[in-house]
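Computed from the coordinates by the stated procedures, all read-outs in this text should not be read as laboratory data. All of these numbers come straight from a predicted model, not from anything done at the bench. Because the Cβ atoms are built from the backbone with ideal geometry, glycine has one as well, and the counts that use them run over all protein chains shown.
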Amino acid sequence: MSKVEQLEEQVKLLSPDELAEFRSWYEKFDWEAWDTQLAVDVRTGRLDALADKALREHGSGKTTPL
């Protein structure tokens with residue numbers, strides 16, 4: 001059985017209160033991982049081409065105000 005399968009089985013055994021606590025923890029954990037990856041992507045320039053394209057399209061009038 002893989003680690004993920006083991007975790008799935010353990011999560012199924014949680015009480016409603018424990019599941020709520022786990023969800024809250026995992027949401028914070030997941031957002032922190034996402035924020036870390038985004039910071040790395042920005043720092044290494046992985047998003048530069050997307051930002052340049054968005055700025056070009058905005059400059060050429062291809063965007064609309066929200």
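At a glance:
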item: Global form of the chain, assessed from the alpha-carbon gyration tensor, a/c cut-off 1.5; result: prolate
item: Environment charge at Phe29 (Cβ cut-off 14 Å; Lys +1, Arg +1, Asp -1, Glu -1); result: -3
item: Within straight-line cross-link reach of Lys28, lysines at Cα separation under 24 Å, skipping those fewer than 8 residues along the same chain; result: Lys3, Lys12
item: Net charge dipole size for the chain [Lys, Arg +1 and Asp, Glu -1 on Cβ; Debye, nearest 20]; result: 500 debye
